Amino acid sequence: LLNNIGRFKHFYLTVNHAQQRLRPVCVSDVAHAIGIIRDNEDTVGQTFELYNPKEYSRKDVIELVQFLLHEKIWQVNVPPKLLRLAAQVANALPFHYTSHHEIDLMSIDDIPSKKDPSIQTFADLGIQPHTLELAALQFIRHYRPPQHEEDPIEPKGYKAFRKPPIPVSNRDIVA
């Protein structure tokens, strides 16, 4: 989603005025969860729904990308049936641009199912997922205009992307 918005920032197509609700999650959080699930025998046969605790609309995500890129995102609202027809025509082209299934998904809210006590989440694995506001820029920074290339990767006051220093000697390594 973030890459598509950044790549097509001059002409980003939306349906239903970008009112789709979603709970995007960072791929590193999902990878971390899969690692824990793989290593824990108690998770065998369980169902997991891995989603961000905060709900966004597609319009909220577009506005966040616009803020982080320091550039206007030109959204064009297209009727779903017309965009679906265009996607079916694009399916005949030699490269993948989009499909009518992707257009259908743009019209459906992508939120978790009703809380079933048997469904596990990030919280059950002891993982606090990154917020979209802190994780987004690392995926879309290369879409920034050149004059903002050197701007910091994190919003002012956040230290979310700082890595711990690399130890330089054996005494710096804590066992």
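In region 112-143, what residues are part of a loop (DSSP other than H, G, I, E, B), hydroxyl-bearing (Ser, Thr, Tyr) and farther than 22 Å from Val44 by Cα? Step through it out loud before you land on a result.
In the first step, residues of region 112-143 are kept if they are part of a loop (DSSP other than H, G, I, E, B); the result is 112-118, 121, 126-131.
From what's left, hydroxyl-bearing (Ser, Thr, Tyr): 113, 118, 121, 131.
Thr131, the sole residue that qualifies.
Within region 136-145, can one find any residue that is more than 25 Å from Lys59 (Cβ to Cβ) and open to solvent by 30 Å² or more (accessible area, probe 1.4 Å)? Don't jump to the end; show me each part of the working.
Step one: of region 136-145, the residues more than 25 Å from Lys59 (Cβ to Cβ) are none.
For region 136-145, residues more than 25 Å from Lys59 (Cβ to Cβ) and open to solvent by 30 Å² or more (accessible area, probe 1.4 Å): absent.
Quick one: which residue in Val65, Val76, Val61 is open to solvent by less than 30 Å² (accessible area, probe 1.4 Å), out of contact with any Pro (no Cβ under 9 Å at 6 or more places or on another chain), of a type in the set (A, V, I, L, M, F, W, C) and farther than 30 Å from Ser118 by Cα? Steps first, please.
Details: Val76 fails: open to solvent by less than 30 Å² (accessible area, probe 1.4 Å); Val61 fails: out of contact with any Pro (no Cβ under 9 Å at 6 or more places or on another chain).
Result of the check over Val65, Val76, Val61: Val65.
Among the residues of region 64-111 satisfying the criterion of being in contact with a strand residue (DSSP E or B) (Cβ under 7 Å, 6 or more places away or on another chain) and part of a loop (DSSP other than H, G, I, E, B), which is farthest from Ala135 (Cα to Cα)?
Val78
Which one of the conditions (1) closer than 24 Å to Lys9 by Cβ; (2) of a type in the set (A, V, I, L, M); (3) open to solvent by 70 Å² or more (accessible area, probe 1.4 Å) does Val44 fail to meet, given that it meets all the rest?
Result: Val44 fails condition (1) only.
So which residues in region 106-134 are surrounded by fewer than 14 Cβ atoms within 10 Å (Cβ to Cβ), under 26 Å from Ile62 (Cβ atoms) and without any contact (Cβ under 8 Å) to a residue 60 or more places away in the chain?
Matches in region 106-134: Gln128 only.
The values are calculated or read from the model by the stated rules, or taken from the named source; none is laboratory data. This is a predicted model, so every value here is computed, not measured. When we count neighbours, we look across all protein chains shown, and the Cβ atoms used for this are built from the backbone with ideal geometry, even at glycine. Note: areas computed on protein heavy atoms with side chains; ligands, DNA, RNA excluded. Shrake-Rupley method; radii C 1.70, N 1.55, O 1.52, S 1.80 Å.
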